[in-house]
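Everything below concerns the one structure shown next.
The values are calculated or read from the model by the stated rules, or taken from the named source; none is laboratory data. Bear in mind the structure is a predicted one, so any value in this text is a computation, not a measurement. All Cβ positions, glycine included, derive from the backbone under ideal geometry; neighbour counts span all protein chains shown. For the accessible areas, the whole protein counts, side chains as well, though only heavy atoms, and no ligand, DNA or RNA atoms are used. Shrake-Rupley method; radii C 1.70, N 1.55, O 1.52, S 1.80 Å.
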Amino acid sequence: MSTDTHIDALDAAGKALLDAAAAAGTDAEVPTCPDWRIRDLLRHTTAVHRWATGLVAERRTTYHEGFEEPDLDGEALLAYTREGHTRLVETLRAAPEDLECWTFLPAPSPRAFWARRQAHETIVHRADAESALTAGPGPVGPAVAADGIDELLRGFHARDRSRVRTEEPRVLRVRTTDTGDVWTVRLSPAAPATETGAEGPADCELSGPADHLYLALWNRLPHDALTVTGDAALARLWRENSAVV
């Protein structure tokens, strides 16, 4: 996906998140994040948006502490979150292709990294806000969802911080049924090693439409939304240990 496509996805997801939050009300519980109410979700989201905006706008080349969560609620919190989201989108659109700033996952460029990361950050939290509504989380475009699966598997869980580990080597396969994407996740006592493609046998396979896989792998949908074949213990291992912190 192009950087502009990621920024468009970020723009749309932030607006949908705010619409869902306004409809639910800031005191509504967030079923996908049981310890949160909508106000907690908005405070977190706007703090992340403003942190990323500062890194890009100020071209910080080293890690910088995150933005403090605001002590706001109700309409004031919604307006503050909307302002932060708008500023992030505008900052990324205006950032030069040769932008230099701090990042934490491999990417073609810092601008591409932050556009992709904030798009998926916001899409996942859009699903959180929508989970507070009767209809639940809405669909995610298949190409965007497949891109988010790739970032999760080959980005976040390639880091030493990943807790998805097995005592003996095991193989988990992830397959979208609509976009034709496949990932092979090699598990061991070390961090998972993920490659695209379906080379070799797998101990367990998770398959389904890209958006179901995306939200389930981020633990925003139950795994019964997927087809699990082989050793279901690996699916449980993912569900219990894959939270990104």
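Of everything in region 91-149 that's of a type in the set (D, E) and over 27 Å from T61 (Cβ atoms), which residue is nearest to the chain's Cα centre (by Cα)? Of everything passing the filter in region 91-149, D128 is nearest to the chain's Cα centre (by Cα). Quick check on my filter: what residues within region 213-234 are of a type outside the set (S, T, Y) and free of Cβ contacts under 8 Å to residues at least 40 places away in the same chain? Across region 213-234, the qualifying residues are A216, P222, H223, D224, A225, L226, V228, G230, A232, A233.
For (1) over 26 Å from Q118 (Cβ atoms); (2) open to solvent by less than 30 Å² (accessible area, probe 1.4 Å); (3) over 16 Å from the mean Cα position of the chain (by Cα), each residue gets a yes or a no:
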| residue | (1), (2), (3) |
| --- | --- |
| R163 | no, no, yes |
| P169 | yes, no, yes |
| R173 | yes, yes, yes |
| D178 | no, no, yes |
| S207 | yes, yes, yes |
| L217 | no, yes, no |
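Looking at region 66-97, which of the residues that are without any contact (Cβ under 8 Å) to a residue 12 or more places away in the chain and more than 20 Å from A22 (Cβ to Cβ) is surrounded by the most Cβ atoms within 10 Å (Cβ to Cβ)? For region 66-97, the residue satisfying everything is E90. Among the residues of region 223-245 satisfying the criterion of being touching a helix residue (DSSP H, G or I) at 6+ places or on another chain (Cβ under 7 Å) and open to solvent by 30 Å² or more (accessible area, probe 1.4 Å), which is farthest from R165 (Cα to Cα)? Ranking the candidates gives A225 first. Could you tell me whether any residue of region 155-168 is touching a strand residue (DSSP E or B) at 6+ places or on another chain (Cβ under 9 Å), over 19 Å from L92 (Cα atoms) and polar (S, T, N, Q)? Looking for residues that are touching a strand residue (DSSP E or B) at 6+ places or on another chain (Cβ under 9 Å), over 19 Å from L92 (Cα atoms) and polar (S, T, N, Q), one finds at least one in region 155-168, hence yes.
Of the residues examined, T46 is not one that is over 13 Å from T86 (Cα atoms) and polar (S, T, N, Q).
Among the residues making up region 114-143, a single one is surrounded by fewer than 24 Cβ atoms within 10 Å (Cβ to Cβ), of a type in the set (A, V, I, L, M, F, W, C) and under 15 Å from T3 (Cβ atoms): A143.
Number of residues in region 105-142 that are without any contact (Cβ under 8 Å) to a residue 40 or more places away in the chain and either touching a Pro at 6+ places or on another chain (Cβ under 6 Å) or of a type in the set (F, W, Y) (or both) equals 1.
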